[in-house]
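A.B. asks: Sharing a structure below in structure tokens format, with a few things to ask.
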Amino acid sequence: MLKTLLRRLKLAAGRTAPPPCNRHVKPELEHLEHRLVPAVKLKQPPPQLDFQIVYGFRNEVSITGKVENLQGVPALVTFRGPVNQQVLTDPNGAFRLDAPATFAGEIKIKAVTLSGKSSAVLGHQIASTPPRILDFRAIHEHNNIWTFEGRVEDEHARGLIVTFGGIRSLQGQTAEVTYTGRFYLTLRLNPGEEGTAWARTTDWFKLNSDTRLSIVRQ
């Protein structure tokens with residue numbers, strides 16, 4: 001009976017397969033996970049731009065603002081129109097530009113990220129009132145000496161250049177507006193020179209004044 005029991009145990013042991021080697025199981029499972037679970041990519045929203053403009057001396061403007069949705073990476077802010085420049089934001093998206101506005105018109109501003117995403121284009125109208133020449137007159141001093149004077153009304157009149165014309169001696173003559181807003185030109189006219197003298201100016205935004213006239217009679 002003991003011999004029969006031993007024989008049965010040997011037969012059972014022969015039918016039992018050794019456990020499989022699992023050294024390749026983990027790499028295969030990782031490869032399968034990459035095939036079954038696709039990588040998730042978060043879509044970055046486009047940059048959002050906000051700004052404000054403060055007018056300074058003459059035609060100087062200060063433009064400050066911020067660009068949102070940059071994720072800590074600077075963006076390039078471009079300005080087109082009266083201001084035609086570019087500036088980089090800091091990592092937080094803040095920017096500032098101090099520059100002259102070369103004419104009255106619309107500034108268009110846009111932000112572009114390093115990945116090429118663009119914000120909406122925003123605009124701001126640079127406006128200015130055209131200068132006015134007031135009280136223009138020709139004054140006979142003595143002999144053939146005449147003074148042409150008047151005043152300019154403008155947001156920043158000081159430093160503007162008044163141009164004269166109308167009679168021969170005034171062709172190409174100019175005068176600079178003083179801090180009081182007044183201008184003066186004294187010169188010698190040709191003997192017997194008469195006619196209509198005129199004066200006009202252009203402000204810092206390239207806006208022209210009206211033309212003022214004054215009669216010269218010797």
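The values are calculated or read from the model by the stated rules, or taken from the named source; none is laboratory data. Computed from a predicted model, the values in this text were never measured in an experiment. Virtual Cβ from ideal backbone geometry, glycine too; neighbours counted across all protein chains shown. Ligands, DNA and RNA are excluded from the accessible area calculation, which covers all protein heavy atoms including side chains. Shrake-Rupley method; radii C 1.70, N 1.55, O 1.52, S 1.80 Å.
A.B. asks: For residue 89, are the conditions met, namely being over 30 Å from residue 149 (Cβ atoms) and buried (at least 18 other Cβ atoms within 10 Å of the Cβ)?
C.D. replies: Values: over 30 Å from residue 149 (Cβ atoms): yes; buried (at least 18 other Cβ atoms within 10 Å of the Cβ): yes.
Yes; evaluated as a whole, the condition is true for this residue.
A.B. asks: Name the single residue, out of those in region 161-178 being among the hydroxyl-bearing types (Ser, Thr, Tyr) and surrounded by fewer than 16 Cβ atoms within 10 Å (Cβ to Cβ), that is nearest to the chain's Cα centre (by Cα). Step through it out loud before you land on a result.
C.D. replies: Within region 161-178, the subset among the hydroxyl-bearing types (Ser, Thr, Tyr) is 163, 169, 174, 178.
So of that shortlist, the ones also surrounded by fewer than 16 Cβ atoms within 10 Å (Cβ to Cβ) come out as 174, 178.
On the way: 174: 34, 178: 31 Å.
So the residue we want is 178.
A.B. asks: While we're here: If residue 77 satisfies all but one of (1) surrounded by 18 or more Cβ atoms within 10 Å (Cβ to Cβ); (2) in contact (Cβ under 8 Å) with a residue 40 or more places away in the chain, what's the number of the condition it fails?
C.D. replies: (2)
A.B. asks: Taking the condition of being at positive phi and either open to solvent by less than 20 Å² (accessible area, probe 1.4 Å) or basic (Lys, Arg) (or both), how many residues in region 179-194 meet it?
C.D. replies: Step one: filter region 179-194 for residues at positive phi, giving 181, 192.
Subset that is either open to solvent by less than 20 Å² (accessible area, probe 1.4 Å) or basic (Lys, Arg) (or both): 181.
Of the residues in that region, 1 qualify.
A.B. asks: Name every residue in region 122-155 that is outside any strand (DSSP E or B), closer than 19 Å to residue 103 by Cβ and open to solvent by 40 Å² or more (accessible area, probe 1.4 Å), in order of residue number. Even if it seems obvious, please write down each step before you answer.
C.D. replies: Of region 122-155, the ones outside any strand (DSSP E or B) are 127-131, 143-144, 154-155.
Retained after the next criterion (residues that are closer than 19 Å to residue 103 by Cβ): 127-131, 154-155.
Listed by number, the residues that qualify are 127, 129, 130, 155.
A.B. asks: From the list 68, 33, pick out the single residue that is farther than 30 Å from residue 204 by Cα and at pLDDT below 85. Step through it out loud before you land on a result.
C.D. replies: Working: 68 fails: at pLDDT below 85.
So the residue among 68, 33 that is farther than 30 Å from residue 204 by Cα and at pLDDT below 85 is 33.
A.B. asks: Something else about it: What about residue 82, is it open to solvent by 20 Å² or more (accessible area, probe 1.4 Å) and assigned to a loop (DSSP other than H, G, I, E, B)? First the steps, then the outcome.
C.D. replies: Values: open to solvent by 20 Å² or more (accessible area, probe 1.4 Å): no; assigned to a loop (DSSP other than H, G, I, E, B): yes.
Taking the combined requirement at face value, the residue does not satisfy it.
A.B. asks: Going residue by residue through region 99-110, is there one that turns out to be open to solvent by 80 Å² or more (accessible area, probe 1.4 Å), assigned to a loop (DSSP other than H, G, I, E, B), closer than 15 Å to residue 62 by Cα and of a type in the set (S, T, N, Q)?
C.D. replies: No, region 99-110 has no match at all.
A.B. asks: Additional query: So which residues in region 195-218 are open to solvent by 60 Å² or more (accessible area, probe 1.4 Å), out of contact with any Asp or Glu (no Cβ under 7 Å at 6 or more places or on another chain) and in a loop (DSSP other than H, G, I, E, B), if there are any at all?
C.D. replies: Matches in region 195-218: 204, 206, 210, 211.
A.B. asks: Give region 54-74 a look and list any residue that's farther than 17 Å from residue 116 by Cβ and open to solvent by less than 30 Å² (accessible area, probe 1.4 Å), or say none.
C.D. replies: Matches in region 54-74: 59, 61, 62, 63, 65.
A.B. asks: Given the criteria on the phi < 0 side of the Ramachandran plot and either open to solvent by 70 Å² or more (accessible area, probe 1.4 Å) or of a type in the set (Gly, Ala, Ser) (or both), does residue 158 qualify?
C.D. replies: Details: on the phi < 0 side of the Ramachandran plot: yes; either open to solvent by 70 Å² or more (accessible area, probe 1.4 Å) or of a type in the set (Gly, Ala, Ser) (or both): yes.
When the stated conditions are applied, residue 158 passes them.
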